[in-house]
């Protein structure tokens, strides 16, 4: 079946987002820009397997920091960076395994770590897909146009970072209620920031501002909306999904079972990995989480919450609801409590008393608020299906506590210093208490109900067609065709890089200095 599917995908790829060249003139200007600035774009295969990266680029990276504004850092958009701030190479995937002392379950919970990607979040991958897909087809002119990144935080940061590396100017639209660290970093690299008077739950205000800017700026603006760009889940299909499969094969024993994947909904991007994994492990389950305080999928509900970055009050256009098996509500208070437990000294000391290894306690800062949400969802997932010691669940830590230090300071100011009593309460009351409440196993028609919720956001408000909405549900090849586009994009990226290299040889373009010309990026 899979071989037939692959053939069908290749034959009919134009039914997905097209990989045809949009404008040869724009493409030529983009190639010239990349030649001038010595920009080389990695393929999806290189991001999955950095051993394929040319040695000269690896040598360059030995003198570049993980977050440096240098185009060579495009090759660090991978789960396999050496976990160091400067000059790192590549190795295996960065992950941690959660022991029973921390999870309360026998299942092996494996967490990929977003901290060790540039910007400290895997959203740098989700934003790589949409901008590169347009650049290599002549659909974005970096000499005349700006990239607009609408987001609740990390996607803006990843998009602005990739824009800088690719020689593009960027704008970020983000709710004013997000953590201060997000705004500080965007300002530090010169991105234009538009703050909406809203919180995590108010995506509509972000879209309203996005459309206002589109109207004002016209063709000088290219909107890269993570909720509608199929290149967002495609990156996770091609890179995250394959990385999880590879890591499972390294860790598994003959008795092991790949039982499932838990991820919060967010933009629907990371869940693109599920479409790949379901092909490799047909019996696995995919669980999709959301904030209990905003149960859109569980109850068609709404509300405000504090799990930054996981999305709410809508179903993303790019989320394949047919691929979901279970819905899970995550209490935002539990996430906030555990952020403090994992990062305050009395909490860490208590975890040591409970038998958690010091080497793990010292690393718990790799979990940001939404990452803790993924951990709690994985625990509930394991309890729901009564998983055993040979059963594997995969999830991701989107970002780390480094992006929430202002939140920790705010909690201490409002609630007082963290105590051992707090640690005891949070360990038992927010971690070990996790149960199978607020969960729903999805039937065919329950999946369809969730899919139909897309109508109210995307058809009524954002101009998508009912025809395509129905196609998403009815067409057996709709999703796989779009995800498999990464193979065609690999070819376009290689061609783009070769033309850039040839142009440099023809005109002897001098090497671009990023330190001397840093202002050119702003």
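Bear in mind that the values in this text are calculations on the coordinates, not laboratory data. Note that this is a predicted model, so its numbers are computed, not measured. Neighbour counts run over all protein chains shown; Cβ positions are idealised from the backbone, glycine included.
Annotations
- Helix axis angle, 154-165 relative to the chain longest principal axis, alpha carbon, degrees: 30
- Estimated D of region 240-375 in µm² per second, where Rh is the Kirkwood radius over Cα pairs and Stokes-Einstein applies at 20 °C, 1.002 mPa s: 131
- Förster-model FRET efficiency, 30 Å R0, residue 56 and residue 21, C-beta, rounded to 0.05: 0.60
- Per-residue Cβ neighbour counts within 10 Å put 467, 345, 388 in the sequence 467, 345, 388, beginning with the fewest.
- Computed from the Cβ-Cβ distance with R0 of 25 Å, the FRET efficiency linking residue 84 to residue 406 stands at 0.50.
- Placing a label point 7 Å from the Cα of residue 194 along the Cα-to-Cβ direction, the residues of region 124-153 whose backbone N falls under 12 Å of that point are 147-151.
- By the Cα gyration tensor, region 366-509 has an equivalent ellipsoid whose semi-axes, rounded to whole angstrom, run 41, 29, 19 from largest to smallest.
- Simple spin-label estimate for residue 428 and residue 251 in nanometres, 7 Å along Cα-Cβ: 3.0
- Which of 281, 367 has the fewest Cβ neighbours within 10 Å, and the rest in rising order: 281, 367
- Cα-based radius of gyration of region 218-263 once divided by 2.2 N^0.38 Å, which approximates compact folds: 1.78
- Taking the Kirkwood radius as Rh and the Cα radius of gyration as Rg, region 157-307 has a ratio of Rg/Rh equal to 1.03.
- FRET efficiency for residue 205 and residue 435, using Cβ-Cβ distance with R0 set to 35 Å, rounded to 0.05: 0.50
- Start at zero, step by 10 Å, and the Cα-Cα distances of region 338-413 spread as 18, 42, 34, 6, 0 percent across the bins.
- Percentage, to the nearest whole number, of Cα pairs in region 255-298 over 17 Å apart: 38
- The DSSP beta bridges internal to the chain are antiparallel in roughly 20% of cases.
- Peptide packing for 204-213, 114-123, 429-438 was compared via the average number of neighbouring C-beta atoms within 10 Å per residue; ordered from the highest value, the list is 114-123, 204-213, 429-438.
- Taking all Cα pairs closer than 8 Å and separated by 6 or more residues, the relative contact order of the chain comes to 20 percent.
- Helix-derived mean residue ellipticity, 222 nm - over the chain, DSSP H n ≥ 4, -39500 (n - 2.57), to 500: -12500 deg cm²/dmol
- The calculated Kirkwood hydrodynamic radius for region 42-178 is 16.1 Å, given to one decimal from all distinct C-alpha pairs.
- As a rough footprinting exposure proxy, the listed residues 473, 458 were ranked by other beta carbons within 10 Å of their own, and the order from fewest upward is 473, 458.
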